[in-house]
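Peer 1: First, the structure itself, so that you have it in front of you.
The values are calculated or read from the model by the stated rules, or taken from the named source; none is laboratory data. Computed from a predicted model, the values in this text were never measured in an experiment. All Cβ positions, even for glycine, are placed from backbone atoms using ideal geometry, and neighbour counts span all protein chains on display.
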Amino acid sequence: MTTEGSTDGAAVDAPAAETGEGTRTGTGEEAPTRRARLEEEGDVAADYLEELLDIADLDGDLDIDVEDGRASVSVLEDDAAPGSLRRLVGDDGRVLEALQELTRLAVQARTGERSRLVLDVAGYRAQRRVVLTGLANEAVEQARAGGEAVHLEPMNPYERKIVHDAVAEAGLRSESEGVAADRHVVVTAAS
């Protein structure tokens, strides 16, 4: 297994003075910066996932990053065994959602802090982002053309945020409606 990492992202690059981090602790030691904590989250998650992949006898490379103020870990398919990680995604990404939650809990158990880590397996989330952005753009066009509210399919919070961001970028308004598994995005022309 290979573990790689880099850090970028505007929220993480904010100066320490703006985030209130990177200051001295009561013992005179430098407190960890937000970036360092997110990198640690990624490392802890990668350790957990490496162990899980070994137990499941699956091969994958791990890529650790920091994006949009969150630790991000991607499990990339080994070229020798394409499709082998599909089991970790499941139907409609349900297994991936559960695995992400377990990974967040493992990070929390180790660091003592709640994690907002994002996990991607075999490029599923990256592909889903493209699909959701396209769906948002279609809804924007429908709302502009018809002036009526456009209701999209139910989505998890992460996916709804992708849609909200795409709609806002297009200059229209969106909000989430519904409860639990029926929560979905409604796109309306900006008023």
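Peer 1: Please verify whether Gly9 is within 15 Å of the chain's Cα centre (by Cα), modelled with pLDDT of 95 or more, surrounded by 15 or more Cβ atoms within 10 Å (Cβ to Cβ) and under 22 Å from Tyr124 (Cβ atoms), treating the condition exactly as stated.
Peer 2: In short, no.
Peer 1: Just a yes or no: is a residue in region 152-167 surrounded by 17 or more Cβ atoms within 10 Å (Cβ to Cβ) and among the small types (Gly, Ala, Ser)?
Peer 2: yes
Peer 1: Can you tell me which of Val118, Val75 is touching a Phe, Trp or Tyr at 6+ places or on another chain (Cβ under 9 Å) and among the β-branched types (Val, Ile, Thr)?
Peer 2: Exactly one of Val118, Val75 is touching a Phe, Trp or Tyr at 6+ places or on another chain (Cβ under 9 Å) and among the β-branched types (Val, Ile, Thr), namely Val118.
Peer 1: Would you mind stating whether Glu39 is among the acidic types (Asp, Glu) and farther than 30 Å from His184 by Cα?
Peer 2: yes
Peer 1: Provide a single number: the residues in region 87-96 that are closer than 20 Å to Glu51 by Cβ and loosely packed, with under 15 Cβ neighbours inside 10 Å.
Peer 2: 1
Peer 1: Applying the selection to region 36-45, what residues are buried (at least 20 other Cβ atoms within 10 Å of the Cβ) and under 16 Å from Glu67 (Cα atoms)?
Peer 2: Within region 36-45, Leu38, Glu39, Glu41, Gly42, Ala45 meet the criteria.
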